[in-house]
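Notes follow the structure.
The values are calculated or read from the model by the stated rules, or taken from the named source; none is laboratory data. From a predicted model like this one, the values you see are computed outputs, not experimental measurements. When we count neighbours, we look across all protein chains shown, and the Cβ atoms used for this are built from the backbone with ideal geometry, even at glycine.
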Amino acid sequence: MPDLKEPATDVEELQFDSEQENGDELELASSQREVLTRAGDPQVRALHDKQKRGKLILQPDFQRQFVWDRKKASRLMESVLLSVPLPIIYLSEQPDGKEYVIDGQQRLTSFFSFIDGTFPAGEPFKLTGLTAYKEFNRKGFSELPEQVQDKILDYTLRTVTLLKQSDADLKFEIFERLNTGSEPLNDMELRNCVYRGPYNRLLKELAAEPEFRQLLGLTRPDKRMRDSELVLRFAAFFHETYLKYQPPMKRFFNQDMERWKNISDADAAKLRGAFKNAVQIISSVFGPAHAFKRYYAGNASAQEGHWETKKFNYSLYDVLMGVFWDKEKNRVFAALDSLREGLIDLMASNSEFIDAIELSTSSLEKVRKRFDLTRQVVEGALANHQSQPRCFTRALKQELFDKDSTCAICNQAIQHLDDAAVDHIRQYWQGGQTIPENARLTHRYCNNARPRNG
């Protein structure tokens, strides 16, 4: 289905750790299985008039621009003169009564451009490349005999309109099934077709925030709308919280877009404020180089750990944005060292957390597990404990690293600060104090692998 395909452009793309969630299937209840459609056989002149009155939208912003060349558009006119049946035109009815073209844009644009005399870009439309009606080559619509003009204007096109009353999940499913081009639309591009309105526009606006783009490593919009989908992920967990999450992810996000489709100014302001707060905090904690990327600990054969350099992790994004959106920046900035250390250790050392961000990530169990573990680390770092703190400061780690970067356990050099851990010589749970005299520098791996029995 070529009309839904978007041409490739030279823009940056996000790379993700895994795509498991994209395989989520929507299971429709029996009450949802009736497709609400209206079939029709309007003449080309009626559709042209509807387009002129603003009731038929040829190029909603989810559609690509007109890309057919003059010869292909001319051959369509010749097919009409030959009475060749054309494929069905699919439309989507909107709440305001307008209809969007979801399949058939190139054909309708060719018809309307020929009747009007010019292509969308402004160049004249004269027929070319005709083989059965060669005498009409180099002629415009107004230069054709009247009976030929009438044959084009009176030609009937089969249309199927998805009615506005259609269930949102079912409508998404229909769009997905129509979407059979050589470069099919992804889930977010399909949502952009189905869920029109202020909320959809807000997601795009937030995706364009400079600080957010910087964290994603983008200077321009992602060509497949994955930056907008990331904003939607945040918004869905912001609105519902992870405690109300129910799989699959695809439906969870669809339901959020349906519910907030016509978001109020007040609710939009709340979402915008929460989103920006989370972005600013994560920028301070990790910076653009490491935001939403995993830290991998070393192992027995190679003690050095490392940061993921390219691939973005959906699950890390969800929990970091979902935990930090309501935190007071002043408190966070005062605890940056502890937060960074705690979160890196969570990624590198906590097997439950690692499992929850890598495998079956859209399951209810894994979503709750990773949110709970992240909240525990963040709340613990921010809490005003009266007891002895458990985490050494980053300043002390830097001091020890600068003095001697050798691991106190394996006696190998630690190559970079993020791979270093400050370990209690006398273990914390045995009463060891978090003071410089009880501190030693180790690889994160070596620290986690050492015996914990004294």
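Take T180 and tell me if it is at pLDDT below 95, β-branched (V, I, T), assigned to a loop (DSSP other than H, G, I, E, B) and under 22 Å from Q15 (Cα atoms). Answer is no for this residue. Within this structure, D3 fails the test of being assigned by TED's automatic domain parsing to the domain that holds Y155 and either in a helix (DSSP H, G or I) or at pLDDT 70 or above (or both). Based on this model, can you work out whether Q376 counts as surrounded by fewer than 19 Cβ atoms within 10 Å (Cβ to Cβ) and in the same structural domain as A420 (by TED's automatic domain parsing)? No; evaluated as a whole, the condition is false for this residue.
Name, by its number, the condition in (1) among the basic types (K, R); (2) closer than 27 Å to E308 by Cβ; (3) surrounded by fewer than 17 Cβ atoms within 10 Å (Cβ to Cβ) that does not hold for R177. That leaves (2) as the condition not met.
Residues are listed down the side, and each one gets a yes or a no for (1) closer than 25 Å to R394 by Cβ; (2) of a type in the set (A, V, I, L, M); (3) surrounded by fewer than 15 Cβ atoms within 10 Å (Cβ to Cβ); (4) under 16 Å from the mean Cα position of the chain (by Cα):
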| position | (1), (2), (3), (4) |
| --- | --- |
| L218 | no, yes, no, yes |
| F234 | no, no, no, yes |
| Y245 | no, no, no, no |
| R251 | no, no, no, yes |
| N254 | no, no, no, yes |
| N299 | yes, no, yes, no |
| Y314 | no, no, no, yes |
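In the set (1) assigned by TED's automatic domain parsing to the domain that holds K276; (2) free of Cβ contacts under 8 Å to residues at least 24 places away in the same chain, Y242 fails one condition alone, (2).
Can you confirm whether V160 is in a strand (DSSP E or B) and either surrounded by 15 or more Cβ atoms within 10 Å (Cβ to Cβ) or in the same structural domain as D96 (by TED's automatic domain parsing) (or both)? Considered against the rule, which asks whether it is in a strand (DSSP E or B) and either surrounded by 15 or more Cβ atoms within 10 Å (Cβ to Cβ) or in the same structural domain as D96 (by TED's automatic domain parsing) (or both), V160 comes out as yes.
Take I281 and decide whether it is touching a helix residue (DSSP H, G or I) at 6+ places or on another chain (Cβ under 7 Å), in a helix (DSSP H, G or I) and surrounded by 15 or more Cβ atoms within 10 Å (Cβ to Cβ).
Numbers: touching a helix residue (DSSP H, G or I) at 6+ places or on another chain (Cβ under 7 Å): yes; in a helix (DSSP H, G or I): yes; surrounded by 15 or more Cβ atoms within 10 Å (Cβ to Cβ): yes.
Yes, satisfied.
Of all residues in the stretch 213-247, those that are over 22 Å from Q15 (Cα atoms) and assigned to a loop (DSSP other than H, G, I, E, B) total 4.
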